[in-house]
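Notes follow the structure.
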Amino acid sequence: RGDLKRFKIRDIMLAFGVCETTDVKTVLKRRTEILNEMRAMKAEEQDTYVFFAIIDVAKLHSTLIICGRPEKELAEKAFGGTVDAKTGLLDLGNRVSRKKTMVPPLDELLKSGFALSKEGEAAQKAALSKEAQENAGHLQLVYDKECVGQ
């Protein structure tokens, strides 16, 4: 599961993975695999929210992969912007540090009492259900030379 860190914010577990690369297109070709792994990990580990950022180290630009409605609601509120409905991606602009510019807005929002919509709550419950755990795949992402952890 590569470069992943977990953060406990109140009673919420936030998992945030990153891939640093100079070839974002190659990583995005594996978006389906990454999404499957994110969803499996969320169910297995019972993480409340799971995010994965692709950081272009040459252009100092990041893109966030969104794996479900709860993550969409939280990310749009924390970072502004709109998740692309077709790709499930959110442009994070020049945010390239998980520690300094990605996690702090999420932390602040969650500590302020952020609440999901009714649809978001239903999606969260389904993603963390026993059935989701039983159906979770066991795909292991292989981080190749295009994806170097920090």
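Among the residues making up the range 82-114, a single one is touching an Asp or Glu at 6+ places or on another chain (Cβ under 9 Å) and either hydroxyl-bearing (S, T, Y) or modelled with pLDDT under 95 (or both): T82.
Got at least one residue in the range 106-124 being under 22 Å from L35 (Cβ atoms), touching a Gly at 6+ places or on another chain (Cβ under 7 Å) and not β-branched (V, I, T)?
Initially, the range 106-124 is screened for residues under 22 Å from L35 (Cβ atoms), giving 106, 116-117, 119-124.
From what's left, touching a Gly at 6+ places or on another chain (Cβ under 7 Å): 123.
Imposing the further condition that a residue be not β-branched (V, I, T) reduces the set to 123.
Yes, some residue in the range 106-124 is under 22 Å from L35 (Cβ atoms), touching a Gly at 6+ places or on another chain (Cβ under 7 Å) and not β-branched (V, I, T).
Tell me which residues, restricted to the range 108-132, are under 18 Å from D11 (Cα atoms), open to solvent by less than 60 Å² (accessible area, probe 1.4 Å) and touching a residue at least 12 places away in the same chain (Cβ under 8 Å). If you could, list the steps in order and put the result at the bottom.
First, pick out the residues of the range 108-132 that are under 18 Å from D11 (Cα atoms): 108-116, 120-121, 124-125, 127-129.
Checking which are open to solvent by less than 60 Å² (accessible area, probe 1.4 Å) leaves us with 109-110, 113-114, 116, 120, 124, 127-129.
Once the filter is applied, which keeps residues that are under 18 Å from D11 (Cα atoms), open to solvent by less than 60 Å² (accessible area, probe 1.4 Å) and touching a residue at least 12 places away in the same chain (Cβ under 8 Å), the range 108-132 yields L109, L110, F114, L116, G120, Q124, A127, L128, S129.
L90 is checked against (1) under 19 Å from K5 (Cα atoms); (2) surrounded by 19 or more Cβ atoms within 10 Å (Cβ to Cβ) and fails just one. What number does that condition carry? All conditions are met except number (1).
Quickly run through the range 12-27 and pick out the residues that are within 14 Å of the chain's Cα centre (by Cα) and either at positive phi or open to solvent by 10 Å² or more (accessible area, probe 1.4 Å) (or both).
Kept after step one, since they are within 14 Å of the chain's Cα centre (by Cα), are these residues of the range 12-27: 13-19.
Scanning the range 12-27 gives a single hit, M13.
Look at P104 and say whether it is open to solvent by 40 Å² or more (accessible area, probe 1.4 Å) and outside any loop (DSSP other than H, G, I, E, B). So P104 passes the test. Considering the conditions (1) at pLDDT 95 or above; (2) over 20 Å from A123 (Cα atoms), R10 is excluded by exactly one of them, (1). Counting the residues of the range 57-66 that are open to solvent by 10 Å² or more (accessible area, probe 1.4 Å) and touching a strand residue (DSSP E or B) at 6+ places or on another chain (Cβ under 8 Å) gives 4. For the range 68-78, the set of residues classified as within 18 Å of E37 (Cβ to Cβ), crowded, with 23+ Cβ neighbours inside 10 Å and touching a helix residue (DSSP H, G or I) at 6+ places or on another chain (Cβ under 7 Å) consists of P70 only.
Are any residues in the range 43-56 farther than 15 Å from L89 by Cα and either open to solvent by 10 Å² or more (accessible area, probe 1.4 Å) or modelled with pLDDT of 95 or more (or both), and if so, which ones? Before you say what the answer is, go through the steps one by one.
So the first thing to find is which residues in the range 43-56 are farther than 15 Å from L89 by Cα, and the list is 43-49.
Selection gives E44, E45, Q46, D47, T48, Y49.
Here G81 passes the criteria (1) closer than 22 Å to D11 by Cβ; (2) without any contact (Cβ under 8 Å) to a residue 60 or more places away in the chain; (3) of a type outside the set (S, T, Y) except the one numbered (1).
The values are calculated or read from the model by the stated rules, or taken from the named source; none is laboratory data. Fair warning: this is a prediction, and the values are worked out from it, not measured in the lab. Counting neighbours? That spans all protein chains shown, and the Cβs are built from the backbone with ideal geometry, glycine included. The area values use the complete protein model at the heavy-atom level, side chains included, leaving out ligands, DNA and RNA. Shrake-Rupley method; radii C 1.70, N 1.55, O 1.52, S 1.80 Å.
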